[in-house]
Amino acid sequence: MDSSVKNQIRTIVGKEHCSDRKEDLFLYSYDAMNRRYLPDMVAHPSSAQEISRLINLANEKLFAIVPRGAGTGLTGGSLAVDGGLVITTSRMNRILEIDPENQTAWVEAGVFNGDLQSAAAAHGLFFPPDPASMDFSTLGGNAAENAGGARAVKYGVTRDYVMALEVVMPTGEIVHTGSAAIKSVTGYDLTRLIVGSEGTLGVITRLCLKLIPIPEAVGTMLAAFPEINTAAKAVAMIMSSRVTPSTLEFMDRTAVECVKEYLQDDIPPDVAALLLIEVDGSPSVVEADSKVLEKKCLEAGARYVQSARESEEREALWTARRSLSPAIMKIRPLKINEDVAVPRMKIPDLITGIEELARKHRLTIVNFGHAGDGNVHVNFLLDPEDKEEVSRADHCVKELFQLVIALGGTLSGEHGIGIAKAPYLDIELESSATDVMKKIKHALDPNNILNPHKTFDYDKTSLERELSPHNG
Ligand SMILES: Cc1cc2nc3c(=O)[nH]c(=O)nc-3n(C[C@H](O)[C@H](O)[C@H](O)COP(=O)(O)OP(=O)(O)OC[C@H]3O[C@@H](n4cnc5c(N)ncnc54)[C@H](O)[C@@H]3O)c2cc1C
């Protein structure tokens, strides 16, 4: 990117809101996947109009624009693999309106999910999508990744709560999609096209989100199992019962060990897996549903089922659960995290298959995740210096994906494809489906300006531009 282009970017956003200093660029060179690519410049625009002008410039001068929320993505989606300009939504962080009567909120894309939760709670409402990163990830990023969370098993994912969007298209037009009316079938559903498009089809600048009333009561239980397989069996039994839990989270023993300091009670040594289960509704429904699910767990072989007695105990359980992703890196310094999902009755087959793969490839694999919606986070814990182990893990990841597809599942339940899973896309998608996606991308972004070389546009040569600890 030459200096005249950089000067034009400075003119659009203001020189105090952009930088090409190397120490600043480093801050935007990585996300939670922990690979590093240096952009040429980073800018923090304050409006859709500024973003539109930046995108027009990118089309004229042919450089990449990479949207970025808080950089908590786990698949490298916000990394500038081809250099270019990273644009953040950090200055677009206002909650514009909460409408308690219509139960909707208008927000700018850079608002943190947790901040909306607090603002909605003041009106007795909540926004159901609750990624474990909710306190530090943006609603724009949540929509771009179609993020899920623990409550997805009952309430669905981000896509189900985005009613309307303001989006800057890859050719610079500012477009309004959807409607704040509950029902709207006017035209193609552009909102759903943009949600989950991982920043490749448009930059989301504003969102209209559906809120719902906070349930009157919540019951929280921890069920402990002597084997992983009995926990998996309990998941299948719970999900085929008449009660839909609002949360059904799974952690294996190694995962539990990593967060045990947050738990108030010791977990006995013969416990191999835990299920964190919640039900919500009126107090009488919560009481009745809790009994049904407790019975299911015991029938499946639970060693014990314990209810959270106080709200502090519930908070401690949730702190433990939300801390899992970073905490397991205590075991080994390199983590490859796959978030595969299968039809939920296939969870026992998936867990058995993962155990076989871990044995076959002699790898440490830690499993936790949103078992109730079939979404298991499979974490390969590795020593990056042990090249032979890393190579075994590469083979194992491929076999994991093949297993998941054979079980009728999908490569990613919520983290997206980005660059992390792009090399494996053809295990799941037929070329005819990828071709349709490529046509959509080309029609909307003829110059391939917006977040290039992600998902089906993966370019192996980008690996050469990756910074290693030695060339950074
Ligand atoms: C500890 C931890 C726990 C997590 N738990 C969960 C979980 O439970 N569920 C889950 O789904 N994910 C989880 N994640 C992953 C991550 O937090 C989500 O993917 C989140 O939605 C990313 O939001 P972000 O603001 O950080 O986006 P970024 O990481 O900055 O960007 C993610 C992608 O969205 C695009 N993007 C960002 N903003 C916009 C915008 N305004 N317009 C267009 N495109 C945009 C980027 O280009 C990129 O492709 C977790 C991550 C961590 C580190």
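The values are calculated or read from the model by the stated rules, or taken from the named source; none is laboratory data. Just so we're clear, the structure is a prediction, and the values are computed from it rather than from any experiment. Here Cβ is always computed from backbone atoms with ideal geometry, including for glycine, and neighbour counts include all displayed protein chains. The area values use the complete protein model at the heavy-atom level, side chains included, leaving out ligands, DNA and RNA. Shrake-Rupley method; radii C 1.70, N 1.55, O 1.52, S 1.80 Å.
Helix-only estimate, please: 222 nm mean residue ellipticity of the chain, summing -39500 (n - 2.57) across DSSP H runs of length 4 or more and dividing by its residues, to the nearest 500. Result for the chain, helices only: -10500 deg cm²/dmol.
Extension gain for Thr244-Arg159 works out to 28.6 nm (0.36 nm per residue, less the C-alpha to C-alpha distance). The residues of the chain present an accessible area of 43 Å² per residue when probed at 1.4 Å with all protein chains retained.
What does the C-alpha gyration tensor say about the overall shape of region 104-232? Classify as rounded when a/c is under 1.5, otherwise prolate if a/b is larger than b/c, or oblate. All intermediate terms of the calculation are to be shown ahead of the outcome.
Numbers: a/c = 2.13, a/b = 1.70, b/c = 1.25.
Here region 104-232 falls in the prolate category.
If you take the beta carbon distance between Asp265 and Asp435 as r and set R0 to 51 Å, what does 1/(1 + (r/R0)^6) give as a FRET efficiency, to the nearest 0.05? Could the numbers behind the result be given before it?
Details: r = 54 Å, r/R0 = 1.06.
My answer for the efficiency is 0.40.
Residues of region 348-377 with the amide nitrogen closer than 20 Å to a label point 7 Å from the Cα of Phe136, along Cα-to-Cβ, please. From region 348-377, the list is 369.
The label point for Thr186 and the one for Asp383, both projected 7 Å from the Cα toward the Cβ, are 6.3 nm apart. If R0 is taken as 25 Å, the Cβ-Cβ distance between Met329 and Thr461 corresponds to a FRET efficiency of 0.25.
Pairs Lys346/Lys387; Lys398/Lys460; Lys233/Lys291; Lys154/Lys296; Lys22/Lys330: which exceed 21 Å Cα-Cα?
Numbers: Lys346/Lys387 33 Å; Lys398/Lys460 17 Å; Lys233/Lys291 18 Å; Lys154/Lys296 18 Å; Lys22/Lys330 30 Å.
As for pairs spanning more than 21 Å Cα to Cα, those are Lys346/Lys387; Lys22/Lys330.
Pull up the cross-link candidates among the lysines for Lys15, meaning alpha carbon to alpha carbon under 26 Å and not fewer than 8 places away within one chain. Filter leaves Lys6, Lys61.
Hey, could you grab the Kirkwood Rh for the chain? Inverse mean 1/r over distinct alpha carbon pairs, Å, one decimal. Don't skip to the answer; put the middle values down first.
On the way: mean 1/r = 0.0432 Å⁻¹.
Every distinct Cα pair counted, the radius reaches 23.2 Å.
With all protein chains in place and a 1.4 Å probe, the accessible surface of region 316-472 carries 55 percent carbon and sulfur.
Solvent-accessible area of region 170-240 (1.4 angstrom probe, protein heavy atoms only): carbon and sulfur portion equals 56 percent.
Considering only alpha-carbon pairs that sit under 8 angstrom and 6 or more positions apart, the relative contact order computed for the chain is 16 percent. Once you place label points 7 Å from the Cα toward the Cβ at Ala121 and Glu101, how far apart are they in nm? It works out to 2.7 nm between the two label points. With a cut-off of 14 Å between beta carbons, the residues surrounding Val271 carry a summed charge of -3, where Lys and Arg count +1 and Asp and Glu -1. Split the accessible area of region 1-105 by element, probe 1.4 Å, and carbon with sulfur accounts for 43%. Full extension of the segment from Glu23 to Val292, taken as 0.36 nm per residue of separation minus the current Cα-Cα distance, would add 91.3 nm.
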